[in-house]
Amino acid sequence: MRITPHLQDTGGFFVALIEKVSDINYDPAAASGPAWKKKKMFKDEPFTFLKEDDERWHDIRNHYGVDETFQYQNLFSRRLETNDANSRQLFYANDAIKNFVKENMAKVSIQNAGMKMFSRTEGKVENTRFRLSQEGIRYLFKFMNKQKVKIGAEDMLYMLKSEENLVPLEKLECKGDVRKQQNGTVVVYCDEDEPVCTWQKICKRVGYHTIAPYISKEERLHLLRMMGVDCAEIELLMKSKRKEKAAQDREAAWSRKQEEEAAKGGSEPSTSAAGAPEEAPGPSDAPGSESAENPENIQEMASE
């Protein structure tokens, strides 16, 4: 069975059911392998979970008004504990994944786990060090009491359809409510009549005059479909732009290759078919010179 998320040609997940038919004799020593092989194994980045009263969580909770029932100690970074304070991203895992990771981190190679929920920002105009991530906003939204605004469907459609990276707030009816929020990330959502469109939550980065969606093109298409918009023309435009960009990249790469070959050929002396460098003709050997060999000169030399 193949499950394709959003039907957007982005790959799929294959689910298989495995049935255990008999017990096996498990030998931990044999399964772990020799000691010399362990030393050569690549060490994965550790999972460092937030501790109680972490100052980063106080910053996030106060800015976004996160409810106390949110299990913030399930947030983690992929840095060593000594450098955990400088981590740029915070991920979230449920209790089951957290327990599995903590129990098996030294035994099993775990590449990825959880979902990204916060990213550190260096913006000077924002009142918090962390912005929200679209990947984790669907779970965090129900715990938030600040930095979220309910907007109309027309404003949502305008932002999703707009080709501008920064959408002017003056063109939106919700500009007053959005400007009441603090600078940084704001979650906007709308209420639709159809059940699939009841809650639309999009993570936004907002300034006083503009608002910018923090979503990918594929996510934007998905939300437009959920709101009943025909996206065939938009998809065709996206594909044509991607093909055009790919053709430009190929042409640029070919031009660079030609220039490199031309520069390389001009810097080296030309070689003959045998591989030896060809000597430039001297003044006496130049065509039209008196000493240049011709049939008459050869006859005079022979008679002498």
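The values are calculated or read from the model by the stated rules, or taken from the named source; none is laboratory data. Computed from a predicted structure; not experimentally measured. Note that each Cβ is placed from the backbone with ideal geometry, even for glycine, and that neighbours are counted across all protein chains shown.
Here are some notes:
- Looking across region 57-98, the residues that are farther than 15 Å from Gly136 by Cα and hydroxyl-bearing (Ser, Thr, Tyr) come down to Thr69, Thr82, Ser87.
- Test: residue in region 93-106 that is at pLDDT 90 or above, in contact with a Lys or Arg (Cβ under 9 Å, 6 or more places away or on another chain) and not assigned by TED's automatic domain parsing to the domain that holds Val186: no
- Hits in region 86-142 - residues which are polar (S, T, N, Q), farther than 27 Å from Val187 by Cα and under 23 Å from the mean Cα position of the chain (by Cα): Ser109, Gln111
- If the condition is being under 13 Å from Met156 (Cα atoms) and at pLDDT 80 or above, then region 191-211 contributes only Ile211.
- Sub-9 Å Cβ pairs linking a first residue in region 171-184 that is on the phi > 0 side of the Ramachandran plot to a second residue that is β-branched (Val, Ile, Thr), at least 6 apart or interchain, are Gly184/Thr121; Gly184/Val125; Gly184/Thr128; Gly184/Val206, ordered by first then second residue.
- A single entry from Met159, Met144 fulfils the requirement of being farther than 18 Å from Leu75 by Cβ and not small (Gly, Ala, Ser): Met159.
- Region 6-64, subset farther than 21 Å from Asp84 by Cα, among the aliphatic types (A, V, I, L, M) and not in a helix (DSSP H, G or I), residue modelled with the lowest pLDDT: Met41
- Selected residue (criterion: modelled with the lowest pLDDT) from residues of region 121-140 that are among the charged types (D, E, K, R) and surrounded by 15 or more Cβ atoms within 10 Å (Cβ to Cβ): Glu126
- Yes/no for Arg131 being without any contact (Cβ under 8 Å) to a residue 40 or more places away in the chain, of a type in the set (Lys, Arg) and closer than 30 Å to Thr69 by Cβ: no
- Residues that are touching a strand residue (DSSP E or B) at 6+ places or on another chain (Cβ under 7 Å) and of a type in the set (Ser, Thr, Tyr) were ranked within region 60-116; the one that is surrounded by the fewest Cβ atoms within 10 Å (Cβ to Cβ) is Ser87.
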